[in-house]
Amino acid sequence: MQKQQRPVERSCVTCRVKGAQQDFLRFVADPQGEVVVDYRNRLPGRGAYTCFERNCISGALLQGGFQRAFRRQLAPVAPEQFLANVKNAISQRIMGLVGIARKAGCVITGTSQMVSAISRQEVRLLFVAEDAAEGSSEKMTRLAEQAGVEWVRFADQKRLGQIAGRENRNCLGITDKQFADSLALEVNRLKQIAGEN
């Protein structure tokens, strides 16, 4: 009988909360002493971890958490710029997941297609562009809410179009539950770090 492996535990360098590694953000220090977010847990070297919380990330910089974890002098960085780097890493992850979902045939775009798909309850998660026209976005979000579909605001129309492999799009639907759950988690993390939760 195979022995079950225990999940790898980590703790936040700021608040000291412990938990499974996948519930934390990983950071590494490069040879120049710059702290870099390792969102996909792929970079070599010693890692330091924080919660997916704005205060924990900026606290690791301001309260010496990274300094203690890496046991070395680190390059100074402005907390707002550092948080922007983290948000960018999560945004890239979201765009990558949507791209994979599109290749798997799990993405719907176009207003008429979207309305039909939502009414048939085929959409698991709805993305609405941040710069979508008010009337258009209200119509889509109202339909989503009536159908019990989770919706989120993300990116602008140009970016949504790019990741959907189309021209500008004001909305985009994910039809696969697994992709939808993964994307909803990433969007929620992005909102936490942006201070929107």
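See the values below:
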| item | result |
| --- | --- |
| Given (1) modelled with pLDDT of 90 or more; (2) farther than 30 Å from V13 by Cα, index of the condition T111 fails | (1) |
| Breaking point among (1) not in a loop (DSSP other than H, G, I, E, B); (2) not assigned by TED's automatic domain parsing to the domain that holds A20, for G105 | (1) |
| Residues of the stretch 173-186 that turn out to be in contact with a strand residue (DSSP E or B) (Cβ under 7 Å, 6 or more places away or on another chain), surrounded by 18 or more Cβ atoms within 10 Å (Cβ to Cβ) and part of a helix (DSSP H, G or I), as a count | 2 |
| Residue within the stretch 61-72 that is of a type outside the set (V, I, T), touching a Ser or Thr at 6+ places or on another chain (Cβ under 7 Å) and closer than 24 Å to L190 by Cβ present | yes |
| First in the stretch 147-169 and without any contact (Cβ under 8 Å) to a residue 60 or more places away in the chain, second anywhere and β-branched (V, I, T), Cβ under 7 Å, 6 or more apart | A147/I118; V149/I118; V149/V123; W151/V128; W151/T141; V152/V187; R153/V128; R166/T109 |
| Near pairs, Cβ below 6 angstrom, 6+ apart or cross-chain, from the stretch 29-52 (in contact (Cβ under 8 Å) with a residue 24 or more places away in the chain) to any residue that is aromatic (F, W, Y) and not in a loop (DSSP other than H, G, I, E, B) | A29/F70; V35/F27; V35/F66; V37/F27; A48/F27; A48/F66 |
| Matching option when the condition is without any contact (Cβ under 8 Å) to a residue 40 or more places away in the chain and surrounded by fewer than 19 Cβ atoms within 10 Å (Cβ to Cβ), among A104, A84, A144, A75 | A84 |
| Selection from the stretch 30-72 of residues that are charged (D, E, K, R), surrounded by fewer than 15 Cβ atoms within 10 Å (Cβ to Cβ) and outside any loop (DSSP other than H, G, I, E, B) | R68 |
| Hey, S91 more than 30 Å from N168 (Cβ to Cβ) and not basic (K, R) or not | no |
| Residues of the stretch 18-29 classified as surrounded by 21 or more Cβ atoms within 10 Å (Cβ to Cβ) and of a type in the set (K, R), total | 0 |
| Candidates R169, R189 - the one that is part of a loop (DSSP other than H, G, I, E, B) and buried (at least 18 other Cβ atoms within 10 Å of the Cβ) | R169 |
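The values are calculated or read from the model by the stated rules, or taken from the named source; none is laboratory data. Small disclaimer: the values here were computed from a predicted structure and weren't measured. Heads up, the Cβs are rebuilt from the backbone with ideal geometry, glycines too, and the neighbour counts pull from every protein chain shown.
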